[in-house]
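*Asks:* Submitted below is the structure of interest, expressed as structure tokens.
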Amino acid sequence: MSRDGLHARLRAATDPAHRALEASLDWQARVATLDGYRDLLGRLYGFHAVWESAIAAGLADESFLAPRRRLALVASDLDHLGLPPSAITALPKPVSPMLDGPAAATGALYVLEGSTLGGQLIGRHIAGLHGFSSAGLAYYRAHGPAAGAMWAAFRKRLEIFGDDPVAEAALTGAAVSTFSAMRAWLCDGPETPAAT
Ligand code: HEM
């Protein structure tokens with residue numbers, strides 16, 4: 001298997017899930033008002049809180065993960081939108097996924113990291129609507145001008161698993177289930193709030 005092939009196969013395998021999420025998210029309507037935007041960020045906060053912890057445990061590489069964590073960014077946006085710190089930490093959270101090892105953790109991180117790409121477009125839309133520049137828009141600005149370099153580095157990281165079909169299956173499976181968990185969480189709402 002070619003090394004470059006893994007990313008292409010992963011993108012193809014997750015394309016239907018990406019399209020389904022994009023179709024269900026209804027993001028333009030949700031960010032049209034500040035209340036709707038705050039609600040969407042609140043859902044994203046819960047998702048990132050749980051997924052980033054699970055990814056950290058499975059990946060066991062904090063130096064790679066740290067610059068890709070976005071929980072603090074979404075918390076700062078919620079703070080800017082007037083949500084008190086106690087309300088932010090009390091936001092509902094989904095059930096934690098099983099990410100058994102670096103390959104599965106990398107598959108889940110692919111989804112979170114890839115969301116920074118379409119997020120640039122969403123961020124520009126929100127900036128135009130609500131006049132935010134950086135405060136209030138940290139989650140969607142994400143890596144900002146470093147977006148291209150961060151994505152290139154992430155794609156390079158995928159190469160570690162390019163010659164290992166078992167690892168690739170774990171990575172792809174985790175990416176597909178992260179997409180569907182995200183769709184359920186963002187589009188259907190909290191079903192089983194975590195006990196934290
Ligand atoms: C939270 C929801 C979303 C998630 C988790 C997500 C995830 C991803 C992922 C993993 C990729 C990388 C695909 C690859 O391997 O090349 C990607 C790319 C992309 N996404 Fe999304 N996405 C989301 C929402 C959206 C939405 C709503 C849009 C449309 C506004 C969008 C537009 C795009 C675009 C245009 C790219 C390609 C960017 C490029 O190649 O430069 N995404 N997304």
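The values are calculated or read from the model by the stated rules, or taken from the named source; none is laboratory data. Remember, predicted model here, so these are calculated numbers, not experimental data. Glycine also receives a Cβ, built like all others from the backbone with ideal geometry; neighbour counts cover every protein chain displayed. Note: areas computed on protein heavy atoms with side chains; ligands, DNA, RNA excluded. Shrake-Rupley method; radii C 1.70, N 1.55, O 1.52, S 1.80 Å.
*Asks:* So, counting K/R as plus one and D/E as minus one, what does the shell of residues with Cβ under 12 Å around G82 add up to?
*Replies:* -2
*Asks:* Calculate, for L65 and T33, the FRET efficiency according to 1/(1 + (r/R0)^6) with r their C-beta to C-beta distance and R0 41 Å; round to the nearest 0.05.
*Replies:* Once rounded, the FRET efficiency stands at 0.80.
*Asks:* Run lengths n ≥ 4 of DSSP H only: what is the helix-derived mean residue ellipticity at 222 nm for the chain, with -39500 (n - 2.57) per run over all residues, to the nearest 500?
*Replies:* Values: 10 runs with 136 residues, N = 196.
So the helix-based figure for the chain works out to -22000 deg cm²/dmol.
*Asks:* Accessible area per residue of the chain at 1.4 Å probe, in Å²?
*Replies:* On a per-residue basis, the chain sits at 47 Å².
*Asks:* Putting +1 on Lys and Arg Cβ atoms and -1 on Asp and Glu Cβ atoms, find which of A20, V176, F132 reaches farthest to the positive end of the dipole of the chain.
*Replies:* Farthest towards the positive end: F132.
*Asks:* Compute and list, largest first, the equivalent-ellipsoid semi-axes of the chain from the alpha carbon gyration tensor, each √(5λ) rounded to a whole angstrom.
*Replies:* After diagonalising the Cα gyration tensor, the semi-axes are 27, 18, 16 Å.
*Asks:* For A90 and H7, what is the calculated FRET efficiency with R₀ set at 45 Å and r taken between the beta-carbons, to the nearest 0.05?
*Replies:* 0.75
*Asks:* How far apart, in nm, are two points set 7 Å out from the Cα along the Cα-to-Cβ line at S24 and at D79?
*Replies:* Going from the S24 label point to the D79 one covers 3.2 nm.
*Asks:* Another question, then. Work through the residues other than D26 whose Cβ is under 13 Å from its Cβ and net out their charges, Lys, Arg +1 and Asp, Glu -1.
*Replies:* 0
*Asks:* Given charges of +1 on the Cβ of Lys and Arg and -1 on the Cβ of Asp and Glu, with all other atoms neutral, how large is the dipole of region 70-196 about its Cα centre, in debye to the nearest 20? Let's see the in-between values first.
*Replies:* Values: 8 positive and 10 negative charges, 83 e Å.
It comes to approximately 400 debye.
*Asks:* Between L121 and D164, how high is the FRET efficiency from 1/(1 + (r/R0)^6) when r is the Cβ-Cβ distance and R₀ = 22 Å? Nearest 0.05.
*Replies:* With a Förster radius of 22 Å, E is 0.05.
*Asks:* Find out how many positive minus negative residues lie around Y140, taking Lys and Arg as positive, Asp and Glu as negative, among other residues whose Cβ is under 9 Å from that of Y140.
*Replies:* On the way: positive: R124, R141; negative: D77.
Here the charged neighbours net out to +1.
*Asks:* Can you pull the percent of the chain's accessible area that's carbon plus sulfur, 1.4 Å probe, other chains left in place?
*Replies:* 59
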